[in-house]
Amino acid sequence: MITRPSTSRILEDVVEELMRDIMPSLTDPAQQIRLHMLTIVLNNCANASEREIAVMREEIPVYVDFASDVAAATGSAGIAAAADAARMGDSLVLADVIADYQRASSAFADAMDLVMDTMERDLIARGEDILRMRMDNEREILSGVAAVGRSAS
């Protein structure tokens, strides 16, 4: 019985089986390298699946707040409407969270474009900080750094 039926656990189990049952039967070094590369991808997916919803839900309000503040500072009705439309829903279903995240990201990008045009230095600096946060989160999720100790090694 699977006691932890999560995407990450299923992917970890697949990696373990590939390494235990398939790798020993491969004699071609090129095929072995390809299998190792595939297991890295699976481990990265396992790592991402553990945190991606949480990270998106943490970032959405940051993007929406920035867009709302830009709308207030510039008087842009378009940015205000985009920020209002990007409010996060209650669903934890991945597809719903992704849709919320896309709307919030779009509102943020439009707000950042407007800020760059208006040269509002404080808002530009804040937007750049938000972009750095986003890149740090993406690196953490996708780099596989947290995959240390996974069963594939």
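Taking the 0 to 90 degree range and rounding to the nearest ten, how far is the long axis of helix 121-142 tilted relative to the main principal axis of the chain, both from C-alpha atoms?
Once rounded, the angle reads 10 degrees.
Just how large is the dipole of the chain about the Cα centre, in debye to the nearest 20, putting +1 at every Lys and Arg Cβ and -1 at every Asp and Glu Cβ?
Details: 14 positive and 26 negative charges, 88 e Å.
Approximately 420 debye in magnitude.
Running a GNM on the chain with Cα contacts under 10 Å, which residue among 55, 93, 14 ends up with the highest mean-square fluctuation?
The residue with the greatest mean-square fluctuation here is 93.
Using a Gaussian network for the chain with springs between C-alpha atoms less than 10 Å apart, which of these wobbles most: 92, 142, 26?
Maximum fluctuation in the GNM of the chain, among the listed residues, is at 26.
Given a cut-off of 19 Å, what percent of all Cα-Cα pairs of the chain lie beyond it?
Numbers: 7234 of 11628 pairs.
Summing the P(r) of the chain above 19 Å gives 62 percent of all pairs.
Report, in deg cm²/dmol and to the nearest 500, the calculated mean residue ellipticity at 222 nm for the chain, where each DSSP H run with n ≥ 4 adds -39500 (n - 2.57) and the sum is divided by the residue count. Show your work: numbers first, answer last.
Details: 5 runs with 113 residues, N = 153.
Rounded to the nearest 500, it is -26000 deg cm²/dmol.
Counting Lys +1, Arg +1, Asp -1, Glu -1, what net charge surrounds residue 85 among other residues with beta carbon under 13 Å of its beta carbon?
Details: positive: 87, 103; negative: 84, 100, 110.
After counting each charged neighbour, the total is -1.
At 0.36 nm per residue, minus the direct Cα-Cα distance, what do residue 26 and residue 91 gain on full extension? Give it in nm, one decimal, please. Please report the intermediate quantities before stating the final value.
On the way: separation 65, 0.36 × 65 = 23.40 nm, distance 4.40 nm.
Additional length available on full extension: 19.0 nm.
Mind pulling the angle between the C-alpha long axis of helix 29-74 and the longest principal axis of the chain? Nearest 10 degrees, somewhere in 0 to 90.
That works out to roughly 10 degrees.
Using a 10 Å cut-off around each Cβ, can you sort 112, 119, 23 from fewest to most neighbouring Cβ atoms?
Details: 112 21, 119 8, 23 15.
Lowest to highest Cβ neighbour count: 119, 23, 112.
For the Cα atoms of the chain, what angle does the longest principal axis make with the long axis of helix 7-17, in degrees from 0 to 90, nearest 10?
Roughly 30 degrees, rounded to the nearest 10.
Rule-based calculations on the coordinates, nothing more; no lab input. The shown structure was predicted, so the numbers you read here are calculated from the model rather than taken from an experiment. Note that we place each Cβ from the backbone using ideal geometry, even for glycine, and neighbour counts take in every protein chain shown.
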